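The values are calculated or read from the model by the stated rules, or taken from the named source; none is laboratory data. In this text, all values refer to a predicted model and were calculated from it rather than measured experimentally. We place every Cβ from the backbone using ideal geometry, glycine too, and count neighbours over all the protein chains shown.
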Amino acid sequence: MDSGLSAAYWDQRYRDSNTPWDIGYVSPPLQHFLDKITDKSLRILIPGAGRAYEALYLHQQGFDQVWVCDWAKESFAYLQKQAPDFPAEHFLMGDFFELELEVDLVVEQTFFCALPRERRADYVQKMAQLLSQNGKLMGLLFAAEFTHAGPPFGGSEAEYRDLLSVHFEIDQMALAPDSIKPRLGRELFFVASKKD
């Protein structure tokens, strides 16, 4: 079975509308964090962006330095339709691990959990590489292991803290009090600052 680490796998998921992680809008914990950002020039990356509700929301709020990365071409169709003026050069089609850019904030939403477990340390290292000196990684992570084969793959707070601590100071990590009802008590909201 395909582990999920291929463009063909994810394209097929979108074509089949087999996207149970997709809630159709910005997850409340992420929106509440994004609403506190006043600097509209912040460079923001959303990896594994899928339909990119976060990017659309930021674009509508006047942020013009937002990039989305995914290797499933099908996933970008929604953002392109909803925001035809979203800069074409900010659609990064391809492998996240090969990205070459510098950003100030990375928004994590169902990307980490889609990666095979053996890529988790690589994920943390790549995030540190992409972020500017005072950059932050922010988002949601599943707060439980799953009994089914992934993706998605679950995990624990202890595991995430251990992984992130190599390159990041963890500013915040706790169960999100404002998750959507089906995920309440099952996802961790976190903010991590890149170490000097």
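Out of the helices (runs of 4 or more DSSP H) lying entirely within region 65-168, which hold 2 or more residues that are farther than 19 Å from Leu45 by Cα?
The helices (runs of 4 or more DSSP H) meeting that bar are 157-164.
Going through region 35-59 one residue at a time, which ones are within 11 Å of the chain's Cα centre (by Cα) and among the acidic types (Asp, Glu)?
Glu54
Six or more apart or on different chains, Cβ under 7 Å: which pairs go from a residue in region 35-51 that's within 18 Å of Lys73 (Cβ to Cβ) to one that's surrounded by fewer than 24 Cβ atoms within 10 Å (Cβ to Cβ) and aromatic (Phe, Trp, Tyr)? Could you list them?
Once the first residue is within 18 Å of Lys73 (Cβ to Cβ) and sits in region 35-51, its partners that are surrounded by fewer than 24 Cβ atoms within 10 Å (Cβ to Cβ) and aromatic (Phe, Trp, Tyr) give Pro47/Phe96; Pro47/Phe111; Gly48/Phe96; Gly48/Phe111; Arg51/Tyr78.
Go through region 93-111 and give me each residue that's closer than 22 Å to Pro152 by Cα, of a type outside the set (Asp, Glu) and either surrounded by fewer than 17 Cβ atoms within 10 Å (Cβ to Cβ) or touching a strand residue (DSSP E or B) at 6+ places or on another chain (Cβ under 6 Å) (or both).
Hits for region 93-111 are Met93, Gly94, Phe96, Phe97, Val106, Val107, Gln109, Phe111.
Does region 52-64 hold any residues that are surrounded by 22 or more Cβ atoms within 10 Å (Cβ to Cβ) and not in a helix (DSSP H, G or I), and which are they?
Within region 52-64, just Ala52 meets the criteria.
Of everything in region 152-196, what is within 22 Å of Leu131 (Cα to Cα) and basic (Lys, Arg)? Give them in sequence order.
Arg161, Lys194, Lys195
Quick grid of which residues meet (1) over 23 Å from Tyr160 (Cα atoms); (2) among the charged types (D, E, K, R); (3) out of contact with any Leu (no Cβ under 8 Å at 6 or more places or on another chain):
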{"position": "Leu42", "(1), (2), (3)": "yes, no, no"}
{"position": "Gln60", "(1), (2), (3)": "yes, no, yes"}
{"position": "Ala72", "(1), (2), (3)": "yes, no, yes"}
{"position": "Phe76", "(1), (2), (3)": "yes, no, yes"}
{"position": "Phe97", "(1), (2), (3)": "no, no, yes"}
{"position": "Gln109", "(1), (2), (3)": "no, no, no"}
{"position": "Leu130", "(1), (2), (3)": "no, no, no"}
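State all residues of region 16-47 that are at pLDDT 65 or above and exposed (fewer than 13 other Cβ atoms within 10 Å of the Cβ); if no residue qualifies, say none.
The answer is Gly24, Asp35, Lys36, Thr38, Asp39, Lys40, Ser41.
Ser193 - would you say it is over 14 Å from Glu108 (Cα atoms), surrounded by 15 or more Cβ atoms within 10 Å (Cβ to Cβ) and of a type in the set (S, T, N, Q)?
no
If I filter region 163-186 for residues that are among the hydroxyl-bearing types (Ser, Thr, Tyr) and either modelled with pLDDT of 95 or more or exposed (fewer than 12 other Cβ atoms within 10 Å of the Cβ) (or both), do I get at least one hit?
The answer is yes, given that some residue of region 163-186 is among the hydroxyl-bearing types (Ser, Thr, Tyr) and either modelled with pLDDT of 95 or more or exposed (fewer than 12 other Cβ atoms within 10 Å of the Cβ) (or both).
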